[in-house]
Amino acid sequence: MKRLIERSRSVGEVLRWVTQNPGKVSASHYPIALHKLGQLLQQQPGPPVGAGDSRGPAGQVLEQPEFHVLCQAIVSGCAKFDNFSIVNCLYAAAALGLPGESPLVRVLEDESRSRLGRFNQKDVSMVFSSEANNKALEAIFSSQLFYENRQERFIRSMAEWLPRKAENLTPYTMALIAKYVARHRLREPRLLDTIASFLLKRGEQLDSKVIQKLVFPFSRMNYRPSNHGELFPKLEAILEQKAGSSPLATVNILMSMFQLSHFPQTVLHQVFSPGFISNVMSSPYALIVRRYLSLLDAAVELEFREYSGPRLDPRYRVLMFEHALTADEANRKYSYKGLVAEALRQLVGEECYRQDEVLPPGYCTDFLLWINRSGTVLPLSRVPAASRAPPAPSPVTVSLRSSVLALTSDLQDFAPVVLSVNDKWHYCQNSDILVGSRAMRDRHLRLLGYCLVQLPYTELEKVSGIEEAKHYLRQKL
């Protein structure tokens with residue numbers, strides 16, 4: 001039957017083989033028949049498949065009784081089809097141009113969604129390439145299997161068609177897409193600009209919690225959208241009106257803007273006001289907001305020196321992070337940090353560096369060393385005790401910058417150095433651009449007076465063994 005279908009020379013011949021021999025047709029034959037119909041229709045003149053013009057060959061075929069018999073057979077039996085047949089029928093139906101509201105497509109989509117957890121990666125990619133309507137996109141991006149795996153083919157395709165479909169998507173669907181883009185660090189300008197355009201057009205109708213989800217991919221990918229000249233002022237205006245309605249979302253949006261070196265002054269006046277602070281300190285998420293506000297306050301001091309409004313009360317300042325980031329801990333076995341640690345231990349000795357040191361305003365560093373003017377790494381015993389311990393935030397801390405500069409006033413003798421192991425997940429996907437949080441961390445550490453020595457994974461992956469690693473570090477230092 002497979003050979004007979006594949007050798008058919010006309011649409012009528014395909015339909016006759018399938019509909020007149022039901023006893024010889026198995027589940028695997030249906031996608032073959034749909035694919036063959038698509039091929040034959042492409043060879044015929046007239047409106048394209050799925051164009052909605054019943055006068056052309058495509059429309060005539062879709063209206064034929066035999067074709068409806070074929071569709072009904074798939075609808076009736078698809079619950080018993082294997083995964084491969086379900087996926088291929090859906091893919092073939094999409095290629096054939098069947099409308100999304102047709103019973104065949106609806107049944108196949110429903111069956112596919114119910115089986116997502118059992119599909120292999122090839123099946124998943126084919127399903128996602130076939131579905132592109134609003135309801136289907138919600139199902140796709142809500143799928144844990146899809147969310148946890150990067151679908152390169154689908155993403156490349158989506159970058160082409162999403163700009164055309166964006167106006168018809170719901171905020172919920174767009175937020176799911178934004179979450180996926182951020183999760184996989186996809187610095188795809190067409191996708192990010194589409195999200196930005198959606199946000200510019202619909203921002204006033206969205207609540208702060210949705211806005212924070214749509215804004216996050218920009219800071220995550222360290223990407224200023226092409227419309228940022230219009231978008232950022234509009235976001236400021238929206239935040240001015242809605243700052244108090246969802247304080248945590250407001251602070252998250254501000255953090256995204258800060259990571260992109262944009263500082264909305266009027267909104268800062270609000271979030272550092274006594275009323276806003278009092279409100280968030282009595283809320284269940286007080287600690288996380290204090291962490292973010294502490295980092296925002298430090299960023300204002302370091303990067304927005306012209307700001308003259310209210311600041312965070314020193315009583316509420318805390319470290320943003322107290323230890324390594326969760327992502328770094330989870331990916332420890334894939335990190336080059338262990339190799340660098342052993343090479344550094346052999347090269348300079350354990351008495352010459354600190355590992356996993358947390359520096360105010362709460363940045364975890366991989367390795368902290370002190371180097372003199374000639375480039376020699378100094379033992380901690382030769383560094384003044386006050387310099388070895390970074391200042392903790394407290395009510396009497398006058399200024400982060402002045403604190404560190406005071407500690408390094410002896411710069412003619414030594415300077416603090418941060419060795420930064422930049423693993424693959426610290427960069428945007430397939431890019432040499434650091435994610436926004438990492439980029440802001442590096443800016444701030446430099447402004448605080450630290451010398452940064454970057455150890456990118458693209459260099460470390462070429463290092464083979466401890467001796468090569470020691471040679472590499474010697475060159476870097």
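Structural remarks
- When the range 26-45 is filtered for residues that are in contact (Cβ under 8 Å) with a residue 12 or more places away in the chain, over 16 Å from Leu104 (Cβ atoms) and in a loop (DSSP other than H, G, I, E, B), the ones remaining, listed by number, are Ser26, Ser28, Gln44, Pro45.
- Residues that are under 13 Å from the mean Cα position of the chain (by Cα) and not in a helix (DSSP H, G or I) within the range 188-221 comprise Glu188, Met221, listed in sequence order.
Quick grid of which residues meet (1) surrounded by fewer than 19 Cβ atoms within 10 Å (Cβ to Cβ); (2) in a strand (DSSP E or B):
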residue: Ser431; (1), (2): yes, no
residue: Asp442; (1), (2): yes, no
residue: Leu445; (1), (2): no, no
residue: Leu452; (1), (2): yes, yes
residue: Lys462; (1), (2): yes, no
residue: Glu468; (1), (2): yes, no
residue: His471; (1), (2): yes, no
residue: Arg474; (1), (2): yes, no
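- A single entry from Arg164, Arg153, Arg185 fulfils the requirement of being among the basic types (Lys, Arg), under 12 Å from the mean Cα position of the chain (by Cα) and either modelled with pLDDT of 90 or more or not assigned by the TED database to the domain that holds Met221 (or both): Arg185.
- Exclusive hit being without any contact (Cβ under 8 Å) to a residue 60 or more places away in the chain, surrounded by 12 or more Cβ atoms within 10 Å (Cβ to Cβ) and within 24 Å of the chain's Cα centre (by Cα), set Phe304, Phe321: Phe321
- For the range 343-397, filtering for residues that are at pLDDT 90 or above, among the basic types (Lys, Arg) and over 30 Å from Arg315 (Cβ atoms) leaves 1.
- The set of residues in the range 284-301 that are open to solvent by less than 10 Å² (accessible area, probe 1.4 Å) and of a type in the set (Val, Ile, Thr) comprises Val289, Val300.
- Criterion applied to Phe258, Phe276, Phe263 was being in contact (Cβ under 8 Å) with a residue 60 or more places away in the chain and either part of a loop (DSSP other than H, G, I, E, B) or buried (at least 19 other Cβ atoms within 10 Å of the Cβ) (or both), and the one residue passing it is Phe258.
The values are calculated or read from the model by the stated rules, or taken from the named source; none is laboratory data. On a predicted model such as this, the values are computed, not experimentally measured, just so you know. Because the Cβ atoms are built from the backbone with ideal geometry, glycine has one as well, and the counts that use them run over all protein chains shown. Heavy atoms of the whole protein, side chains included, go into the accessibility calculation; ligands, DNA and RNA do not. Shrake-Rupley method; radii C 1.70, N 1.55, O 1.52, S 1.80 Å.
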